[in-house]
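Visitor: Okay, here's the structure, questions in a sec.
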Amino acid sequence: MRVAVVVSKKTAKTAVMRNRIRRRFYAAIAPLLKNIKQGGLMVFYPKKEVATTPFLILKSEIEATLRKF
């Protein structure tokens with residue numbers, strides 16, 4: 001399974017904030033990839049609120065989303 005996280009300049013103005021959001025997403029997704037079927041591509045487009053959301057909430061939301069697949 002390949003995963004991409006796309007953070008636009010509209011979401012976060014500075015590269016530092018865009019990279020922080022991207023790293024948080026990858027950190028939340030990495031342990032969950034073992035349980036997902038292989039052979040696909042997922043693309044995430046996070047919103048502005050992700051930058052201030054606590055990590056545990058972010059992880060649980062991503063996990064709930066991935067359960068649908």
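The values are calculated or read from the model by the stated rules, or taken from the named source; none is laboratory data. Predicted model, so just to flag it, every value in this text is computed and none were measured. All Cβ positions, even for glycine, are placed from backbone atoms using ideal geometry, and neighbour counts span all protein chains on display. All accessible areas refer to the heavy atoms of the entire protein, side chains included, with ligands and DNA or RNA removed. Shrake-Rupley method; radii C 1.70, N 1.55, O 1.52, S 1.80 Å.
Visitor: To the nearest 20 debye, what charge dipole does the chain have about its Cα centre, counting +1 at the Cβ of each Lys and Arg and -1 at the Cβ of each Asp and Glu?
Guide: Here the chain has a charge dipole of around 240 debye.
Visitor: If you roll a 1.4 Å probe over the chain with all protein chains in place, what percent of the accessible area is carbon or sulfur?
Guide: Percent of accessible area from carbon and sulfur atoms in the chain: 58.
Visitor: Now for a different question. Hey, what's the chain come to in accessible area per residue, 1.4 Å probe, Å²?
Guide: 73
Visitor: In whole Hz, what ³J(HN,Hα) sequence does segment 31-43 give by Karplus (6.51, -1.76, 1.60; θ = phi - 60°), x for Gly and Pro?
Guide: x, 8, 5, 5, 8, 9, 4, 7, x, x, 9, 10, 10
Visitor: Still on this structure: Using amide H atoms built in the peptide plane, which far-off residues or other-chain residues are under 5 Å from residue 5 H to H?
Guide: Counting only residues 5 or more places away or on other chains, the set is 44.
Visitor: What residue among 46, 8, 57 has its Cα farthest toward the positive end of the dipole of the chain, where the charges are +1 on Lys, Arg and -1 on Asp, Glu, each on the Cβ?
Guide: 8
Visitor: Please determine, in degrees from 0 to 90 and to the nearest 10, the orientation of helix 15-29 with respect to the longest principal axis defined by the Cα atoms of the chain, where the helix direction is its Cα long axis.
Guide: 20
Visitor: Mind checking the angle between helix 55-67 and the chain's longest principal axis? C-alpha axes, 0 to 90 degrees, to the nearest 10.
Guide: Helix 55-67 and the main axis of the chain meet at about 40 degrees.
Visitor: Run the paramagnetic zone check for residue 48: 7 angstrom along Cα to Cβ, then residues of segment 14-31 with backbone nitrogen under 13 Å.
Guide: 14
Visitor: Can I ask one more? Given a cut-off of under 8 Å on Cα pairs at least six residues apart, what relative contact order in percent is computed for the chain?
Guide: Relative contact order, the chain: 45 percent.
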